[in-house]
């Protein structure tokens with residue numbers, strides 16, 4: 001069982017991460033307008049002679065991407081059956097296959113150099129811990145093979161688990177004119193978050 005201090009540290013870590021992620025677009029825009037190097041520490045860099053913008057050398061080859069960005073917990077909650085499988089049992093197996101080193105090797109053989117993987121869908125860090133850990137291990141394997149990994153962060157809140165972890169999250173919802181939460185299409189278990197709410201830092 002975690003102490004109150006450990007719980008608080010996990011909360012601060014989550015908030016700090018989301019805060020930094022939300023600042024990235026304006027920082028990149030400012031850096032680009034000032035023509036500052038954006039990719040320090042990522043290897044060789046190239047400067048675009050027409051704009052003076054510094055870009056990582058690997059972009060010269062182009063980006064060939066793939067994605068497997070959905071958390072297993074989301075698939076299980078949504079009720080997703082695979083095309084070839086028999087529901088949740090096969091889904092769990094097929095989802096795990098996407099995280100194996102043999103999959104990374106296959107991506108490398110295909111020339112894929114960037115993969116988007118699940119990082120935080122909105123169910124909560126505890127609820128999504130299995131997916132987060134799988135992405136961490138996948139990223140280690142991908143980096144060994146020279147493949148970059150991007151983390152997918154969802155903009156909705158899967159309230160059934162998130163609100164149990166973060167009770168104040170119910171105050172972060174976008175609401176309609178009648179005060180009801182706004183859902184993500186027909187997925188009523190996913191409430192759309194208000195990005196302007198100061199509590200959602």
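For the stretch 62-200, the gyration tensor built on C-alpha atoms gives a prolate shape. Its axis ratio a/c (a ≥ b ≥ c) is at least 1.5, and a/b is the larger of a/b and b/c.
Need one word for the stretch 122-201: rounded, prolate or oblate. Basis is the Cα gyration tensor (sqrt eigenvalues a ≥ b ≥ c); a/c below 1.5 gives rounded, then a/b vs b/c decides.
Working: a/c = 2.62, a/b = 2.34, b/c = 1.12.
Verdict is prolate for the stretch 122-201.
Taking each residue as 0.36 nm, the span from residue 183 to residue 197 lengthens on full extension beyond its C-alpha to C-alpha distance by 3.3 nm.
Bear in mind that the values in this text are calculations on the coordinates, not laboratory data. Just so it is clear, the structure is predicted and the values come from calculations on it, not from any experiment.
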